[in-house]
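Trainee: Let me give you the structure first, and then I'll get to my questions.
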Amino acid sequence: MTFVQLIDCKTSKYDDMNRLMDSWVDATQGKRTATHAVVGKDRAGDGHYVEIIEFPSYEDAMKNSGLPETDRIFQEMVALCDEMPTFTDLEVVRDDQLNKAAVRRFLLEVCGREDPAPFHELFAEGYTEHDVGTDKVTHSVEETQEKTLAYRRGFPDFVFTLEDQIAEGNRVVTRWSWSGTNTGEAFGMPPTGKRVGMSGTTTFVFSGGKIVEGWWHWDALGMMRQLGVVEMPG
């Protein structure tokens, strides 16, 4: 279970503290077990900082604390603080990564559906989408829904499978695979009855809890080849 440690300190020497943390990162390269660190400054309290450090588990946190480099840096950190820092150890019991969940919902439940309501729940008005596979840009939620409906008409049974998701800041990157049977008109062509599959990556940018921009990278040529529209040389 994920483990989080909060370090609460007051210091008038934050620049020195920041350099100290940089030196710890360099000194523990290949040894540390911490996976994520965030430092926040209290807007209501001058010189008040909270560092949030994430570990895969409590045991990993203890291994990290046992490093000689960690002990040395801690002693130097205390010297820079105006008073003794306090520590809070937290076992994570709930971790909702809301932006990732929104992307999963779109790909697995909403994409290609007739009801416009979930599209407007997920996407901001004026949403802009860049489709690298077709070199097209759409500029509204309605255009985006219509594009997904066009795929549903051409491949009524299409499904996404999510392979990987990475979230950083306000961006979510999803590596996916897709498959469907071409039993309807697609790309202006009559149905071929062929089962096709492809893979791709989608990057979504969030603002205010909604998706404001997206980039789709997928193998358009591979799909056309599977449909028999194009032939590869050789």
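The numbers here are math on the coordinates, done by the rules we state, and not lab data. Since the structure is predicted, the reported quantities are computational estimates derived from the model, not experimental observations. With ideal geometry, Cβ positions are generated from the backbone for all residues, glycine too; neighbour counts draw on all protein chains shown.
Trainee: Quick one: residue 184 ticks every box in (1) over 27 Å from residue 123 (Cβ atoms); (2) touching a Pro at 6+ places or on another chain (Cβ under 9 Å) bar one, so which box is it?
Mentor: (1)
Trainee: Could you say which residue among 57, 65 is over 22 Å from residue 196 (Cβ atoms), in contact (Cβ under 8 Å) with a residue 24 or more places away in the chain and surrounded by fewer than 17 Cβ atoms within 10 Å (Cβ to Cβ)?
Mentor: On the way: 65 fails: in contact (Cβ under 8 Å) with a residue 24 or more places away in the chain.
When all the criteria are applied, what remains is 57.
Trainee: Report the residue count in the range 187-214 for those that are within 31 Å of the chain's Cα centre (by Cα), surrounded by 14 or more Cβ atoms within 10 Å (Cβ to Cβ) and more than 20 Å from residue 140 (Cα to Cα). Show your work before the answer.
Mentor: First, the residues of the range 187-214 that are within 31 Å of the chain's Cα centre (by Cα): 187, 195-214.
If we keep only those that are surrounded by 14 or more Cβ atoms within 10 Å (Cβ to Cβ) too, we end up with 187, 196-206, 210-214.
If we keep only those that are more than 20 Å from residue 140 (Cα to Cα) too, we end up with 187, 196-201.
Qualifying residue count, the range 187-214: 7.
Trainee: Mind checking which residues of the range 184-226 are over 27 Å from residue 103 (Cβ atoms) and among the hydrophobic types (A, V, I, L, M, F, W, C)? Reasoning before the result, please.
Mentor: Step one: list which residues in the range 184-226 are over 27 Å from residue 103 (Cβ atoms), which gives 185, 188-194, 225.
Correct list: 189 only.
Trainee: Got a number for residues in the range 1-39 being within 23 Å of the chain's Cα centre (by Cα) and free of Cβ contacts under 8 Å to residues at least 24 places away in the same chain?
Mentor: Count: 5.
Trainee: With the condition kept exactly as written, say whether any residue in the range 91-98 is touching a residue at least 24 places away in the same chain (Cβ under 8 Å), out of contact with any Ser or Thr (no Cβ under 8 Å at 6 or more places or on another chain) and under 21 Å from residue 208 (Cα atoms).
Mentor: Yes, there is a match, as at least one residue in the range 91-98 is touching a residue at least 24 places away in the same chain (Cβ under 8 Å), out of contact with any Ser or Thr (no Cβ under 8 Å at 6 or more places or on another chain) and under 21 Å from residue 208 (Cα atoms).
Trainee: Let me ask another. State which residue is farthest from residue 149 (Cα to Cα) when the search covers only the range 187-217 and only residues that are part of a strand (DSSP E or B) and polar (S, T, N, Q). Steps first, please.
Mentor: Just the residues of the range 187-217 that are part of a strand (DSSP E or B), to begin with: 189, 195-207, 210-217.
Subsequent filtering for residues that are polar (S, T, N, Q) retains 199, 201-203, 207.
Numbers: 199: 19, 201: 20, 202: 18, 203: 20, 207: 25 Å.
In this case the residue turns out to be 207.
Trainee: Step by step: first the residues of the range 97-138, then only those that are in a loop (DSSP other than H, G, I, E, B) and surrounded by fewer than 14 Cβ atoms within 10 Å (Cβ to Cβ), then the one that is nearest to the chain's Cα centre (by Cα). Which residue is that?
Mentor: Step one: of the range 97-138, the residues in a loop (DSSP other than H, G, I, E, B) are 97, 111-116, 132-135.
Pick out the ones that are also surrounded by fewer than 14 Cβ atoms within 10 Å (Cβ to Cβ) and you get 97, 114-116, 132, 134-135.
Numbers: 97: 9, 114: 27, 115: 26, 116: 24, 132: 20, 134: 24, 135: 24 Å.
In this case the residue turns out to be 97.
Trainee: Of everything in the range 203-233, what is within 20 Å of residue 127 (Cα to Cα) and touching a Leu at 6+ places or on another chain (Cβ under 8 Å)? Give them in sequence order.
Mentor: Once the filter is applied, which keeps residues that are within 20 Å of residue 127 (Cα to Cα) and touching a Leu at 6+ places or on another chain (Cβ under 8 Å), the range 203-233 yields 209, 210, 211.
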